[in-house]
Amino acid sequence: MKIAISSASNNNVSEKYKDIARKVANYLASNNHDLIWGSCSVSLMGICYEEFSKFNRNIYGYTTNKYKDDIDNLNNAKHVICEDTYILKKEMFINADVLLMLPGGTGTISEFFSYLEEIRSNDNKKLLIVYNEDNHFDSMFNLLNDLVKRKFNDDTIYDYFKVVNNLEELDEVLGID
């Protein structure tokens, strides 16, 4: 499977989040999955690249002109330079079999909501997974709960994504033996 991973690109994040990315990426790559991600050589995104590279997996990177110089640091990937982040998200969505959210900031949250809305609005059956170890995404879930409570969304919104908290739960959702 091609798994699109969204995660942090800020290298100042806590080591615990880098450890989570390393563990998850290693697990996925060792189970013969390929990586789709926003081409980035640092932070969690860089760690994902490194782990998939160790297993000689296919790596497909998407970036914008603003960050295109970084692809020189990522020789094991096939890169696409997108005009803007809207196109980047669309391309990652189209080309992935599974969408996986690892800890990240506004870019990661933006990708989650873009993917969620694309799945919900267009009856797309793509699997969207939030990896919530250490409760990183709880504030995002609180926002969703508030939107449901105030009737901006109904509770079917939760049917469009899965939440996992560890590798065992990820394994179950992905059906890895």
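Quick one: order 36, 109 from most to least accessible surface, probe 1.4 Å.
109, 36
Please give the length that would be gained between residue 76 and residue 15 if that part of the chain were fully extended, namely 0.36 nm times their separation in residues minus their C-alpha to C-alpha distance (nm, one decimal).
Value of the extension gain: 19.5 nm.
Among the trypsin sites (Lys or Arg not before Pro) in segment 30-139, which ones are in a DSSP loop with at most 10 other Cβ atoms within 10 Å of the Cβ? Mind listing them?
Of the trypsin sites (Lys or Arg not before Pro), the ones in loops of segment 30-139 whose Cβ has at most 10 other Cβ atoms within 10 Å are 125.
Write down the accessible area per residue of segment 35-86 in Å², having rolled a 1.4 Å probe over the full set of protein chains.
So segment 35-86 comes to 53 Å² accessible per residue, rounded to a whole number.
Not counting ligands, DNA or RNA, and with a 1.4 Å probe, what is residue 168's accessible surface area in Å² rounded to the nearest 10?
130 Å²
For the chain, with only Lys/Arg (+1) and Asp/Glu (-1) charged at the beta-carbon, what is the dipole magnitude about the Cα centre, in debye rounded to 20?
The dipole of the chain has a size of about 280 debye.
Which FRET efficiency, nearest 0.05, do residue 97 and residue 139 yield, Cβ-Cβ r, R0 25 Å?
After rounding, the FRET efficiency stands at 0.35.
Among 113, 87, 127, pick out the residue whose Cα is farthest towards the positive end of the charge dipole of segment 78-131, where Lys and Arg carry +1 and Asp and Glu carry -1 on C-beta, about the Cα centre.
Farthest towards the positive end: 127.
Show which lysines lie in cross-link reach of residue 125 when reach means a straight Cα distance below 18 angstrom and same-chain residues fewer than eight apart are skipped.
The reachable lysines, counting only those whose Cα sits under 18 Å from residue 125, are 2, 89, 90, 162.
Give me the percent of the accessible area of segment 41-161 that comes from carbon and sulfur atoms, probe 1.4 Å, all protein chains in place.
Here it works out to 47 percent.
The values are calculated or read from the model by the stated rules, or taken from the named source; none is laboratory data. Owing to the predicted nature of the structure, the values given are computational and were not obtained by experimental measurement. Cβ atoms come from the backbone with ideal geometry, glycine included; neighbour counts cover every protein chain shown. The accessibility values were calculated without ligands, DNA or RNA, using every heavy atom of the protein model including side chains. Shrake-Rupley method; radii C 1.70, N 1.55, O 1.52, S 1.80 Å.
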